[in-house]
1. Take THR423 and tell me if it is part of a strand (DSSP E or B) and either hydroxyl-bearing (Ser, Thr, Tyr) or in contact with a Leu (Cβ under 7 Å, 6 or more places away or on another chain) (or both).
2. Please count how many residues of region 336-365 are part of a loop (DSSP other than H, G, I, E, B) and either within 19 Å of ARG263 (Cα to Cα) or open to solvent by 20 Å² or more (accessible area, probe 1.4 Å) (or both).
3. I need a count of the residues in region 245-267 that are under 18 Å from GLY210 (Cβ atoms) and under 19 Å from the mean Cα position of the chain (by Cα).
4. Every residue in region 262-274 that is under 22 Å from GLN340 (Cβ atoms) and either of a type in the set (A, V, I, L, M, F, W, C) or open to solvent by 20 Å² or more (accessible area, probe 1.4 Å) (or both), please.
5. Among the residues of region 147-194, how many are farther than 27 Å from SER379 by Cβ and assigned to a loop (DSSP other than H, G, I, E, B)?
6. Could you tell me whether region 417-429 includes any residue that is farther than 24 Å from CYS298 by Cβ, buried (at least 18 other Cβ atoms within 10 Å of the Cβ) and aliphatic (A, V, I, L, M)?
7. Report, by residue number, each residue of region 120-151 that is open to solvent by 50 Å² or more (accessible area, probe 1.4 Å) and either within 20 Å of the chain's Cα centre (by Cα) or within 19 Å of GLY210 (Cβ to Cβ) (or both).
8. Among residues belonging to region 232-253 that are of a type in the set (Ser, Thr, Tyr) and at pLDDT 95 or above, point out the one that is nearest to PRO161 (Cα to Cα).
Amino acid sequence: MSVNVCETRVHHPSLRLFCLTFAALWMVWLSGCQPASNSSGSFTVSADAGLPQLDPPAQGGDGQWLFWRGPNGDGVVPNQNPPTAWSAQQNVVWKSKVPGRGHASPIVVDKQVLLATANERDKTQSVVSFDLDTGNQKWATQVNSGGFNARIHGNNTHASPTMCSDGERLFVVFNNHDSAQLSALDLQGNILWQQKAGVFVPKRYHFGYGSSPMIYGDNVVVASECEREGTLAAFNRQTGGRAWSVRRDRATSYSTPVVAHIRGRDEMLLSGGNQVAAYDPTSGLLLWSVPGPWQVTCGTIVWDGDMVFASGGYPFGATLGISAADHEVVWQNSVKCYEQSLLSHNGYVYGLSDRGILYCWRGSDGEEMWKERLSAPVSASPVLAGGHIYISVQSGTTYVFKPDPDGYEPVAENQLGQSAFATPTFVNNRILARLGMRDGGYQEWLYCLGE
């Protein structure tokens, strides 16, 4: 858009000065109010808007990991060369005790590793910071006390959503007091503001909460999908003020929204409630939706070009390939990847089913390329880094294999800890893994793995 408010010749000196000044101010305002998107689905916020410039594709390589599922929310990590083999005696840089319990993945901001955690005995929920280089605990901030759900699924915790960050603030969501509570903290652990993001009072499925917050432009977005007053809502990152809100009360569900750049625009994708839907991330306006066979999903949607892929769920299991251009289901099978997300790479989709079978499908038509039995159950999502796919199962085993549509090509099988629910994080050619041990009582550990 170009503006020339002085296109008409103005002879009076003071009037001409006013006109030129107004034109300059107008262009500055335009540059500061329009967030720019790029082809990866990430975003850059103008420095004129008073917010930090973010470059999500650079995450991981420069010691930053700001979101659930990494740079673009799809589990694909560029410019990394992490180890493929480890054990309790091999490639452990450091390990630190994690206070409390949770399934939230680590994020990394400003040389800090940050975790959401909960103390079930004291009924407190907190954010904990560890030093990236040493693993030493730097600080811990209690965000909430009391109000825990009386009933949650045995595989869930009271600290399952992963935090997100804009590089200056941390945003964490906890379920308590019949709500999804959104809190903003600075990098020293001080609480900046708190907001009730949505009501969360399940009627049928008392499984707890699991959706992670995500950032788009000036806002942080929270899904609180529940039969009673469920919402998808956005809040200003600086003030916590509500920017927009839409109803999502068709079913209780647990998936995290993600923004993909599709057909020349950013679309916020979310599954659950018997549908896959796309929203305008700036306003919450529904762009399109297609029916899905499951009321409840947990995984985050992935995409490749105009194709969108989702899996779940409850009470029916299925994996779908959807055309975002035609708004229709192109292919569907009966494979159930419920808690864990899929991974899309170079035209193919990889998923580890609830039964422990690893699948590779062609993204365009869903043709099964191969399948391989690994193990189950599984909750963590796959990550592609350094040319390998990493996926951990609940027993603490992590499988490493090559993304090859011609067949399963294993690289390593690593055992560490006795429990793995959180998806690992990849920064500076290292892996940060939240693992549990049951010897003498349950204890979680944060491991830093590297050569």
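1. Numbers: part of a strand (DSSP E or B): no; either hydroxyl-bearing (Ser, Thr, Tyr) or in contact with a Leu (Cβ under 7 Å, 6 or more places away or on another chain) (or both): yes.
No; evaluated as a whole, the condition is false for this residue.
2. Going through region 336-365, the residues part of a loop (DSSP other than H, G, I, E, B) turn out to be 336-342, 346-347, 353-356, 363-365.
Those left that are additionally either within 19 Å of ARG263 (Cα to Cα) or open to solvent by 20 Å² or more (accessible area, probe 1.4 Å) (or both): 336, 338-339, 346-347, 354-355, 363-365.
Residues that pass the stated criteria total 10.
3. Let us first name the residues in region 245-267 that are under 18 Å from GLY210 (Cβ atoms), namely 248-258.
After this cut, where a residue has to be under 19 Å from the mean Cα position of the chain (by Cα) as well, the list is 248, 252-258.
Residues that pass the stated criteria total 8.
4. At the first step, the residues of region 262-274 found to be under 22 Å from GLN340 (Cβ atoms) are 268-274.
Of everything in region 262-274, those that are under 22 Å from GLN340 (Cβ atoms) and either of a type in the set (A, V, I, L, M, F, W, C) or open to solvent by 20 Å² or more (accessible area, probe 1.4 Å) (or both) turn out to be MET268, LEU269, LEU270, ASN274.
5. The first filter runs over region 147-194 and keeps only residues farther than 27 Å from SER379 by Cβ, leaving 166-169, 184, 186-194.
Filter once more, keeping what is assigned to a loop (DSSP other than H, G, I, E, B): 166-168, 187-190.
The total comes to 7.
6. Within region 417-429 (the criterion being farther than 24 Å from CYS298 by Cβ, buried (at least 18 other Cβ atoms within 10 Å of the Cβ) and aliphatic (A, V, I, L, M)), the answer is yes, since at least one residue qualifies.
7. Narrowing region 120-151 to residues open to solvent by 50 Å² or more (accessible area, probe 1.4 Å): 120-123, 133-134, 136-138, 140, 142, 145, 150-151.
Scanning region 120-151 gives GLU120, LYS123, ALA150, ARG151.
8. Of the residues in region 232-253, the ones of a type in the set (Ser, Thr, Tyr) are 239, 245, 252-253.
If we keep only those that are at pLDDT 95 or above too, we end up with 239, 245.
Working: THR239: 22, SER245: 20 Å.
Looking at the filtered set, the residue picked out is SER245.
The values are calculated or read from the model by the stated rules, or taken from the named source; none is laboratory data. The model shown is predicted, which means the values in this text are computed figures rather than measured ones. Note that we place each Cβ from the backbone using ideal geometry, even for glycine, and neighbour counts take in every protein chain shown. The protein model used for the area step is the full one, side chains on, heavy atoms only, and it has no ligands, DNA or RNA in it. Shrake-Rupley method; radii C 1.70, N 1.55, O 1.52, S 1.80 Å.
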